[in-house]
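Everything below concerns the one structure shown next.
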Amino acid sequence: RMAEARDEMLTTLDTLTASGAEIFLLGCTELPLVVRGTPFEAKSIDATMALAAEMVRFSTGLIRDLSSNIIKNPPNKQDSNIGDKVA
């Protein structure tokens with residue numbers, strides 16, 4: 001029943017967009033598969049991918065400077081704020 005579920009999801013996202021939603025957090029692993037190839041894909045955050053990326057960042061000590069898109073090592077990983085380690 002994938003087609004039925006996809007249609008229902010896309011209808012829901014259309015309704016939310018009409019109500020002012022701009023970004024969608026996809027918290028279940030199958031939802032990114034539903035929006036793949038639709039206009040909603042660019043406006044969605046895949047929670048599983050975000051978690052995986054944050055875990056790589058945390059485990060390697062790399063920090064991405066979002067303002068300049070540069071990856072750099074923090075001066076001292078122990079000095080990092082716990083908030084910096086959570087997505």
Starting from the stretch 19-34, take each residue that is without any contact (Cβ under 8 Å) to a residue 24 or more places away in the chain and more than 12 Å from Met49 (Cα to Cα) and list its partners that are part of a loop (DSSP other than H, G, I, E, B) and not acidic (Asp, Glu), counting only C-beta distances under 8 angstrom and pairs at least six apart or across chains. Phe24/Phe40
Quick one: in the stretch 13-33, of everything that is in a loop (DSSP other than H, G, I, E, B), within 12 Å of the chain's Cα centre (by Cα) and at pLDDT 90 or above, which residue is surrounded by the most Cβ atoms within 10 Å (Cβ to Cβ)? Gly27
Failed condition for Val86, given (1) more than 30 Å from Ala5 (Cα to Cα); (2) modelled with pLDDT of 55 or more; (3) touching a helix residue (DSSP H, G or I) at 6+ places or on another chain (Cβ under 8 Å): (2)
Can you find, within the stretch 34-77, the residue that is surrounded by the most Cβ atoms within 10 Å (Cβ to Cβ) among those that are at pLDDT 90 or above and part of a strand (DSSP E or B)? Asp46
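The values are calculated or read from the model by the stated rules, or taken from the named source; none is laboratory data. Keep in mind it's a predicted model, so treat the numbers as computed, not measured. Here the Cβ is made from the backbone with ideal geometry for all residues, glycine too, and neighbour counts use every protein chain on show.
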